[in-house]
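To start, the structure under review is shown below, and the notes come after it.
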Amino acid sequence: MDPNFAQRVIDLVIAHSGEVISVRLNASRQSQLARIDNESRNAFGKLQEAELLKANFDQFERSLSNMPEPDLVSDTETLDPDRAADLIVAQLT
């Protein structure tokens, strides 16, 4: 990922009178692999190939270093999706 991508997006949103609230969703590699073939992922067009995910773990983690500090962090292993969504909505309002 371009190291300046996130900042360029933030600058663009702010230039158009918007606001950026960043949310980081955390999940261990083991958890991601356990969920990779869940049918719900298919409904949203998400990655479903375990080998491709494994091959890209390091790259995904490196790209996080280029992201701004999040306004909210959610651990998807300890929160169910509805509770995580509630926390995000609460942060936005």
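Of the residues that sit in segment 11-23 and are modelled with pLDDT of 95 or more and surrounded by 11 or more Cβ atoms within 10 Å (Cβ to Cβ), which one is nearest to ALA85 (Cα to Cα)?
Checking each candidate, the answer is VAL13.
Filter segment 5-24 for residues that are touching a residue at least 60 places away in the same chain (Cβ under 8 Å) and of a type in the set (A, V, I, L, M); which is farthest from PHE57 (Cα to Cα)? In this case the residue turns out to be ILE21. Pairs meeting the criteria (first residue in segment 49-68 and assigned to a helix (DSSP H, G or I) and modelled with pLDDT under 95, second residue open to solvent by 80 Å² or more (accessible area, probe 1.4 Å) and among the hydrophobic types (A, V, I, L, M, F, W, C), beta carbons under 6 Å, at least 6 apart or on different chains) are SER63/MET1.
As a summary of the residue check, THR78 satisfies the conditions (1) exposed (fewer than 12 other Cβ atoms within 10 Å of the Cβ); (2) hydroxyl-bearing (Ser, Thr, Tyr); (3) in a helix (DSSP H, G or I) except for the one numbered (3). Among the residues making up segment 11-48, those that are in a loop (DSSP other than H, G, I, E, B) and closer than 19 Å to LEU92 by Cα are HIS16, SER17, GLY18, GLU19, VAL20, ILE21, SER22. Taken as a whole, the condition of being under 27 Å from ILE10 (Cβ atoms), of a type in the set (Gly, Ala, Ser) and open to solvent by 80 Å² or more (accessible area, probe 1.4 Å) applies to SER65. Pairs meeting the criteria (first residue in segment 25-45 and over 18 Å from SER74 (Cβ atoms), second residue open to solvent by less than 70 Å² (accessible area, probe 1.4 Å) and part of a helix (DSSP H, G or I), beta carbons under 7 Å, at least 6 apart or on different chains) are LEU33/ALA50; LEU33/LEU53; ILE36/ALA50; ILE36/LEU53.
The values are calculated or read from the model by the stated rules, or taken from the named source; none is laboratory data. This structure is a prediction, so every number in the text was calculated from the model and none was measured. Cβ: placed from backbone, ideal geometry, glycine included. Neighbour counts: every protein chain shown. These area figures cover heavy atoms from the full protein model, side chains too; ligands, DNA and RNA do not enter into them. Shrake-Rupley method; radii C 1.70, N 1.55, O 1.52, S 1.80 Å.
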